[in-house]
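Before anything else, here's the structure in question.
The values are calculated or read from the model by the stated rules, or taken from the named source; none is laboratory data. From a predicted model like this one, the values you see are computed outputs, not experimental measurements. Please note: Cβ atoms are built from the backbone with ideal geometry, for glycine as well, and neighbour counts cover all protein chains shown.
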Amino acid sequence: MPAPANADARRIYDLERSRVFHSWSAQGKLDPMVFTGAEGSYLIDGDGNRLLDFSSQLVYTNIGHQHPKVVAAIAEQAAKLCTIAPQHANEARATAADLICQVAPEGFNRVFFTNGGADAVEHAIRMARVYTGRYKTLSTYRSYHGGTALTVNLTGDVRRWGNDYGTEGTTHFFGPFLYRSQFNSATQEEESERALAHLRSVIEFEGPTAFAAIILESVPGTVGIMPPPPGYLQGVRELCDQYGIVMILDEVMAGFGRTGKWFALDNYGVTPDLITFAKGVNSGYVPLGGVIVSDKILERFLDQPYGGGLTYSGHPLACAASVATITAMHDEKIVENAELIGTDVFGPGLAALADKHDIIGDVRGLGVFWAVELVKDRATKEPLAPYGGSSPEMGAINARAKQNGLLLFMNYNRFHLVPPCNISIDDAKRGLDILDDALSAV
């Protein structure tokens, strides 16, 4: 995209590029978009153009932009109590914890608050290590769990490569993914069985008593939105029970309505030991994350102090935003809307696009959490862009979509459809129409 023409937006653009050190980026090649406003499912760029946000930023504005009830709750909390140390009780944090526990699975009755998803995962692993007296952790290659020293080591994708010093005790394995199966499976049932057999072998050959935890994204997100096949998560639960391993489900991206359920795990009838969350818990209006702790794990810490904490754990402004977000999601049936968009708009709409465009190799997802995988050849499944990179074709699709008012979430040879959970049917269909046109650009 060209730099903004508006003088004030151009000043912001130049200042950003000269002063801000950006994550995951070569600093000399920065070309950020300037946004000056937002409302609902739309963003307003520095030149006043409205873009339909099919990215939810980094997949976190589940309740949309500038939701008036959340904005008001933050302002009211700021006027009353901006901050308080985490050892003290306050209404916003206590109420947020209560609302989170109410939508969590049965047997999850305590919340440890963090400032985001990565530190939530850090503390979940620490809890598991204390609980088991073990150190190592199992994680899949197709995963993303954060950017700290531990969580980027748990991560399986390319962001780990330059940051993995082999010090965090992670053993990676392959999870199920039928479209690019590591197990030569022909059906989802075969993929589930063979992936579980592979995981069992890894545990047994590495030594079952070495592992404190296994961490899985309930539905892997950034790496491709890959809903697990039937029986897989239940099979992992059984292996954890057999070998005394703590099961952690990472719901940082998939939680709080994204899949059409409060948590993605609700689609699969499985109960872990710890649940990590962030993003959608308050739509990222103020940074917040945490660990929902099962009664089983909590028992260990009723008399034994937990050796961990954060200065801003359960910050009042963040928790007030969470209370307003969860309340609005109930009142406005936003979770139900996400499920409806998935079944009535994205599911059939993307299937129709796949019939029309030969470069679409695979479509998968649920709720407002979908991936479209683009290929050069459907028979060979050669990606339209290499793993860890991009291509002129992907760039052309992205540019055409932006030109027509659609902001996509792009990753390698895929784009993800991850709009706010309360997107309207009309806006969801409009996004698909723009996408249809963009796919015709290559």
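Is it the case, given these coordinates, that Gly162 is out of contact with any Gly (no Cβ under 8 Å at 6 or more places or on another chain), surrounded by fewer than 17 Cβ atoms within 10 Å (Cβ to Cβ), at positive phi and of a type in the set (Gly, Ala, Ser)?
Values: out of contact with any Gly (no Cβ under 8 Å at 6 or more places or on another chain): yes; surrounded by fewer than 17 Cβ atoms within 10 Å (Cβ to Cβ): yes; at positive phi: no; of a type in the set (Gly, Ala, Ser): yes.
For Gly162, the condition - out of contact with any Gly (no Cβ under 8 Å at 6 or more places or on another chain), surrounded by fewer than 17 Cβ atoms within 10 Å (Cβ to Cβ), at positive phi and of a type in the set (Gly, Ala, Ser) - is not met.
Right, something else. Can you give me the number of residues within region 171-184 that are touching a residue at least 24 places away in the same chain (Cβ under 8 Å) and among the hydroxyl-bearing types (Ser, Thr, Tyr)? Talk me through it step by step, then tell me what you get.
Restricting attention to region 171-184, the residues satisfying the condition of being touching a residue at least 24 places away in the same chain (Cβ under 8 Å) are 171-180.
Keeping just the survivors that are among the hydroxyl-bearing types (Ser, Thr, Tyr) gives 171, 179.
Summing the residues that are touching a residue at least 24 places away in the same chain (Cβ under 8 Å) and among the hydroxyl-bearing types (Ser, Thr, Tyr) in region 171-184 gives 2.
Can you run down the residue pairs with Cβ atoms below 9 Å, 6 or more apart or on separate chains, where the first is in region 43-61 and free of Cβ contacts under 8 Å to residues at least 12 places away in the same chain and the partner is aliphatic (A, V, I, L, M)?
From region 43-61, the pairs are Ile44/Ala38; Ile44/Leu51.
Being of a type in the set (Lys, Arg) and part of a helix (DSSP H, G or I) narrows it down to one of Arg110, Arg134, Arg159, Arg142, so name that one. Explain how you work it out, then say what you get.
Details: Arg110 fails: part of a helix (DSSP H, G or I); Arg134 fails: part of a helix (DSSP H, G or I); Arg142 fails: part of a helix (DSSP H, G or I).
That would be Arg159, the only listed residue that is of a type in the set (Lys, Arg) and part of a helix (DSSP H, G or I).
Is there any pair with a first residue in region 185-208 that is over 17 Å from Thr137 (Cα atoms) and a second that is of a type in the set (Asp, Glu) whose Cβ atoms are under 6 Å apart and which are 6 or more apart or on different chains, and what are they?
If the second residue must be of a type in the set (Asp, Glu), the pairs left are Ser185/Glu191.
OK, next. Restricting attention to helices (runs of 4 or more DSSP H) lying wholly within region 1-86, give those where 3 or more residues are among the β-branched types (Val, Ile, Thr) and modelled with pLDDT of 95 or more.
On the way: elements: 7-19, 56-59, 68-80.
Fully inside region 1-86 and qualifying: 68-80.
Take Arg129 and decide whether it is farther than 30 Å from Ile425 by Cα and touching a strand residue (DSSP E or B) at 6+ places or on another chain (Cβ under 7 Å).
Numbers: farther than 30 Å from Ile425 by Cα: yes; touching a strand residue (DSSP E or B) at 6+ places or on another chain (Cβ under 7 Å): yes.
Yes.
Could you list, in sequence order, all residues of region 410-432 that are in a loop (DSSP other than H, G, I, E, B) and among the aromatic types (Phe, Trp, Tyr)?
Tyr412
Here's a check for you: in region 209-224, which residue that is within 15 Å of Thr140 (Cβ to Cβ) and among the hydroxyl-bearing types (Ser, Thr, Tyr) is surrounded by the fewest Cβ atoms within 10 Å (Cβ to Cβ)?
First, the residues of region 209-224 that are within 15 Å of Thr140 (Cβ to Cβ): 211, 213-224.
Within this subset, residues satisfying the condition of being among the hydroxyl-bearing types (Ser, Thr, Tyr) are 218, 222.
On the way: Ser218: 26, Thr222: 21.
Applying the filter and picking the extreme gives Thr222.
Residue check: is Ser192 of a type in the set (Ser, Thr, Tyr), assigned by TED's automatic domain parsing to the domain that holds Thr170 and within 12 Å of the chain's Cα centre (by Cα)? Even if it seems obvious, please write down each step before you answer.
Details: of a type in the set (Ser, Thr, Tyr): yes; assigned by TED's automatic domain parsing to the domain that holds Thr170: yes; within 12 Å of the chain's Cα centre (by Cα): no.
The answer is no for Ser192.
Right, next: Taking the criterion of being under 25 Å from Ala254 (Cα atoms) and in contact with a Lys or Arg (Cβ under 6 Å, 6 or more places away or on another chain), would at least one residue in region 130-150 satisfy it?
Checking region 130-150: not a single residue is under 25 Å from Ala254 (Cα atoms) and in contact with a Lys or Arg (Cβ under 6 Å, 6 or more places away or on another chain).
Scanning region 360-414 for residues that are of a type in the set (D, E, K, R) and under 11 Å from Val442 (Cβ atoms), which turns out surrounded by the most Cβ atoms within 10 Å (Cβ to Cβ)? Talk me through it step by step, then tell me what you get.
First pass over region 360-414, keeping only residues of a type in the set (D, E, K, R): 362, 364, 373, 376-378, 381-382, 393, 400, 402, 414.
Okay, now just the ones that are also under 11 Å from Val442 (Cβ atoms), so 376, 393, 400.
Details: Lys376: 16, Glu393: 16, Arg400: 18.
Among them, the one singled out is Arg400.
Another one. Test Ala5 against the criterion of being surrounded by 12 or more Cβ atoms within 10 Å (Cβ to Cβ) and either under 20 Å from the mean Cα position of the chain (by Cα) or not assigned by TED's automatic domain parsing to the domain that holds Arg258 (or both), and give yes or no. Can you show your working first?
Working: surrounded by 12 or more Cβ atoms within 10 Å (Cβ to Cβ): no; either under 20 Å from the mean Cα position of the chain (by Cα) or not assigned by TED's automatic domain parsing to the domain that holds Arg258 (or both): yes.
Answer is no for this residue.
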